[in-house]
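The values are calculated or read from the model by the stated rules, or taken from the named source; none is laboratory data. Since this is a predicted model, take the numbers as computed values, not measurements. Every residue, glycine as well, gets a Cβ built from its backbone with ideal geometry; the counts of neighbours run over all protein chains shown.
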């Protein structure tokens, strides 16, 4: 599933091609995504200039003068910038066509993504309004996280993956950040002291920043807007390395299940 670094990589990749361009039409081949694509989406967006492309959590917001196109990549979605009208393949569900002939093509084999039309302030939409702060922003600070961990007996890994606490720290990046902070993913939130919390916030920011610089991670169908795979996973410390030697202490990496997700950790470095 594309996580925050993959979505941010995609945003940066498409931004230079779309900003200040005029939408000619939106071709919808299959409207049956996670939520149905509005039947009048093309009519609403046609002849509109793209003013900005923002990211909120794992949502992309293509902002026009009269509204916003909200895009979510779901579990297997990707966006490609095409300079020619190449024939669409089976899972190519949407094309955003610009007046200069360039098009943004949305591919989604599992169809868990979304293309929606929003009016007004998009950040107040129900999908976005209750989300926690961005992990790379100033609001996500040690003091903020400490306030959210008071009396929390839930495991810390599950807490930092809670989008109401902080957005975008998916399974890969939660495991990696906890390893770098030398924190056992099974520890309860309230058991972390101020030093642990400060270190964890720092490592979450560093891990996500490195992942964005590396173009994200390569899992299943993810590629960026140029069709290239991210390579953050090449240098992962724990994720996907069950039984392999820890890069720091050589202890075999363990795997457990938390909240129906696999958690990877080093029992020596994170005890």
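Within the set of pairs 6 or more residues apart or between chains, which connect a residue that is at positive phi inside segment 255-270 to a residue that is surrounded by 14 or more Cβ atoms within 10 Å (Cβ to Cβ) with Cβ atoms less than 7 Å apart?
Going by the 7 Å Cβ cut-off, the qualifying pairs are 259/158.
I'd like to verify a number: residues in segment 108-156 that are surrounded by 19 or more Cβ atoms within 10 Å (Cβ to Cβ) and closer than 15 Å to residue 34 by Cβ, how many?
5
Going through segment 17-47 one residue at a time, which ones are without any contact (Cβ under 8 Å) to a residue 60 or more places away in the chain, under 19 Å from residue 101 (Cβ atoms) and surrounded by fewer than 18 Cβ atoms within 10 Å (Cβ to Cβ)?
19, 20, 46, 47
Got at least one residue in segment 57-76 being surrounded by fewer than 22 Cβ atoms within 10 Å (Cβ to Cβ), farther than 22 Å from residue 134 by Cβ, touching a strand residue (DSSP E or B) at 6+ places or on another chain (Cβ under 9 Å) and modelled with pLDDT under 95?
Yes: one or more hits.
Of the conditions (1) without any contact (Cβ under 8 Å) to a residue 24 or more places away in the chain; (2) not assigned by TED's automatic domain parsing to the domain that holds residue 47, residue 91 fails just one. Which one is it?
(2)
What are the residues in segment 72-88 that are closer than 23 Å to residue 19 by Cβ and either in the same structural domain as residue 170 (by TED's automatic domain parsing) or touching a residue at least 24 places away in the same chain (Cβ under 8 Å) (or both), if any?
Once the filter is applied, which keeps residues that are closer than 23 Å to residue 19 by Cβ and either in the same structural domain as residue 170 (by TED's automatic domain parsing) or touching a residue at least 24 places away in the same chain (Cβ under 8 Å) (or both), segment 72-88 yields 72, 73, 77, 78, 79, 80, 81.
Let me spell it out: the conditions are (1) over 18 Å from residue 75 (Cα atoms); (2) assigned by TED's automatic domain parsing to the domain that holds residue 185; (3) at pLDDT 85 or above, and residue 261 meets all of them except one. Which number is the exception?
(1)
Of all residues being assigned to a strand (DSSP E or B) and out of contact with any helix residue (DSSP H, G or I) (no Cβ under 8 Å at 6 or more places or on another chain) in segment 1-44, which is nearest to residue 169 (Cα to Cα)? Just the residue, please.
22
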